[in-house]
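*Asks:* This structure is in structure tokens; I'll ask about it shortly.
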Amino acid sequence: MSHSVELIVNGYIRLRDRGALEDLLAHRRELLRQLRSVTGIDPGQVAEQVTQEISVIEAGLATIAPE
């Protein structure tokens with residue numbers, strides 16, 4: 001998985017920026033949806049990476065109390 005996503009999530013956690021994490025999560029979910037609809041190529045590896053990134057973002061959101 002991309003270490004950069006972990007760094008971004010950790011930065012948002014330190015800033016307590018739940019909105020930015022939610023936006024990042026929404027973006028990754030949309031990206032995964034689009035990847036799953038691709039035909040003609042196998043997006044499996046990229047989809048797996050995006051799924052892992054979603055898990056990291058969700059874990060980060062769990063550490064910040066809802067507003």
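Readers should treat all values here as calculations from the given coordinates under stated rules, not as data from a laboratory. Remember, predicted model here, so these are calculated numbers, not experimental data.
*Asks:* To the nearest 10 degrees, how steeply does helix 18-36 sit against the main Cα axis of the chain, on a 0 to 90 scale?
*Replies:* 10
*Asks:* Helix 3-15 against the longest principal axis of the chain: what's the angle in degrees, Cα atoms only, rounded to the nearest 10?
*Replies:* That works out to roughly 30 degrees.
*Asks:* With n ≥ 4 as the cut-off for DSSP H runs, can you work out [θ] at 222 nm for the chain, using -39500 (n - 2.57) per run divided by the number of residues, rounded to the nearest 500?
*Replies:* Calculated from helices alone, the mean residue ellipticity at 222 nm is -26000 deg cm²/dmol.
*Asks:* I'd like the orientation of helix 44-63 relative to the chain: the angle between its Cα long axis and the longest Cα principal axis, in ° from 0 to 90, rounded to 10.
*Replies:* For 44-63 against the chain, the angle is about 10 degrees.
*Asks:* At a threshold of 8 angstrom on Cα-Cα distance, excluding pairs fewer than six apart, so keeping six or more, what relative contact order does the chain reach in percent?
*Replies:* That works out to 50 percent.
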